[in-house]
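The values are calculated or read from the model by the stated rules, or taken from the named source; none is laboratory data. The structure displayed is predicted, hence computed values, not measured ones. Don't worry about glycine lacking a Cβ; one is built from the backbone with ideal geometry, like all the others, and counts go over all protein chains shown.
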């Protein structure tokens, strides 16, 4: 895998720069460190590769550490890990509860998995990679690992319980109004919603989880949020300027409306198959 990546670096210098920048940030943030694991010590080394998202000047890279890659013996790390119980709430429940409130906000936990440290002994045994001909240990929970969703969600739940005495409103919102790393909460009054938002922020920061991509249906809820920490509108000139994507749905905070994006059909004579095909493209957990 490393040789394949090196050849791709040679063919695509821009890809090489993005890949190195991503890994340099990983090092700078302390999410991985050079390892001194000794020869002969049992350790699992993970291959890694880059995945590009977006297009043109908006293209971004994400380096994937492949825990499902199989060894010569035919096994992968994920084959030996226990996934743990499913702690995800029902998406329809989260959205229905959120839509009941008069005042609402949403925010995203920044790099949630990578804010959670793994025990040093487990890093040296299970979270090793090769980078620039050197051995490195991944220090945090890594996406793609079979037990990563459970570890991350359980950590956030435990944080909410630990901080409940200080931030009762925040703890309730984090536990009941969160889907993975997205918090969607609200209340019936503006003042109450401000208090919930402030407590959610303080609770998450107490555990080292900063929040960004803020959006709300009332500007007063965001008056102390820096512009760079707010959710950026959808980059689509054909949509209203403040439209955002929230859990896969199109939401306009200004009017507090949900909508679908329907492309104009070029089918002259619709068939059952073509209608079903186009309908399937509409993401609607409540439909």
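Within the stretch 67-79, restricting attention to residues that are more than 21 Å from the chain's Cα centre (by Cα) and assigned to a loop (DSSP other than H, G, I, E, B), which residue is surrounded by the most Cβ atoms within 10 Å (Cβ to Cβ)?
Within the stretch 67-79, the subset more than 21 Å from the chain's Cα centre (by Cα) is 69-77, 79.
Applying the additional criterion that residues be assigned to a loop (DSSP other than H, G, I, E, B) yields 69-76.
On the way: 69: 15, 70: 12, 71: 11, 72: 5, 73: 6, 74: 7, 75: 10, 76: 17.
So, considering only residues that are more than 21 Å from the chain's Cα centre (by Cα) and assigned to a loop (DSSP other than H, G, I, E, B), the one surrounded by the most Cβ atoms within 10 Å (Cβ to Cβ) is 76.
Count, please, the residues in the stretch 111-161 that happen to be farther than 18 Å from residue 34 by Cα and within 20 Å of the chain's Cα centre (by Cα). So that I can check it myself, show each step before the final result.
From the stretch 111-161, those farther than 18 Å from residue 34 by Cα are 111-113, 115-116, 143-161; that's our starting set.
Then drop every residue that is not within 20 Å of the chain's Cα centre (by Cα), which leaves 111-113, 115-116, 143-160.
Of the residues in that region, 23 qualify.
Here is a list: 101, 20, 82. Which entry is over 19 Å from the mean Cα position of the chain (by Cα), closer than 23 Å to residue 129 by Cβ and part of a loop (DSSP other than H, G, I, E, B)? Step through it out loud before you land on a result.
Details: 101 fails: closer than 23 Å to residue 129 by Cβ; 20 fails: part of a loop (DSSP other than H, G, I, E, B).
Among 101, 20, 82, only 82 is over 19 Å from the mean Cα position of the chain (by Cα), closer than 23 Å to residue 129 by Cβ and part of a loop (DSSP other than H, G, I, E, B).
Residue 191 - would you say it is closer than 25 Å to residue 253 by Cβ, surrounded by fewer than 21 Cβ atoms within 10 Å (Cβ to Cβ), out of contact with any helix residue (DSSP H, G or I) (no Cβ under 6 Å at 6 or more places or on another chain) and without any contact (Cβ under 8 Å) to a residue 12 or more places away in the chain?
Values: closer than 25 Å to residue 253 by Cβ: yes; surrounded by fewer than 21 Cβ atoms within 10 Å (Cβ to Cβ): yes; out of contact with any helix residue (DSSP H, G or I) (no Cβ under 6 Å at 6 or more places or on another chain): yes; without any contact (Cβ under 8 Å) to a residue 12 or more places away in the chain: yes.
Judged against the criteria, residue 191 is a match.
Restricted to the stretch 87-119, and to residues that are in contact (Cβ under 8 Å) with a residue 12 or more places away in the chain and over 30 Å from residue 221 (Cβ atoms), which residue is surrounded by the most Cβ atoms within 10 Å (Cβ to Cβ)?
Step by step, filter the stretch 87-119, then rank; the result is 118.
Say we look at the stretch 232-259 and pick out the residues that are modelled with pLDDT of 75 or more, in contact with a strand residue (DSSP E or B) (Cβ under 7 Å, 6 or more places away or on another chain) and in a loop (DSSP other than H, G, I, E, B); which of these is surrounded by the fewest Cβ atoms within 10 Å (Cβ to Cβ)?
Filtering first and then ranking leaves 247.
Got at least one residue in the stretch 39-55 being over 25 Å from residue 138 (Cα atoms) and surrounded by fewer than 17 Cβ atoms within 10 Å (Cβ to Cβ)?
Filtering the stretch 39-55 for residues over 25 Å from residue 138 (Cα atoms) gives 54-55.
Add one more test, that the residue is surrounded by fewer than 17 Cβ atoms within 10 Å (Cβ to Cβ), and what stays is 54-55.
Yes; the residues of the stretch 39-55 include at least one that is over 25 Å from residue 138 (Cα atoms) and surrounded by fewer than 17 Cβ atoms within 10 Å (Cβ to Cβ).
Search the stretch 104-135 for residues being part of a strand (DSSP E or B) and at pLDDT 95 or above, and hand back the single one that is nearest to residue 203 (Cα to Cα).
Here is the first cut: in the stretch 104-135, the ones part of a strand (DSSP E or B) are 104-109, 117, 128-131, 134-135.
Remaining after also requiring at pLDDT 95 or above: 104-109, 117.
Numbers: 104: 18, 105: 16, 106: 15, 107: 13, 108: 14, 109: 12, 117: 18 Å.
The selected residue is 109.
Kindly list the number of the only condition in (1) within 17 Å of the chain's Cα centre (by Cα); (2) surrounded by fewer than 17 Cβ atoms within 10 Å (Cβ to Cβ) that fails for residue 31.
Condition not satisfied by residue 31: (2).
Return yes when residue 64 is over 23 Å from residue 25 (Cβ atoms), assigned to a strand (DSSP E or B) and touching a residue at least 12 places away in the same chain (Cβ under 8 Å) and no when it is not.
Numbers: over 23 Å from residue 25 (Cβ atoms): no; assigned to a strand (DSSP E or B): yes; touching a residue at least 12 places away in the same chain (Cβ under 8 Å): yes.
No; evaluated as a whole, the condition is false for this residue.
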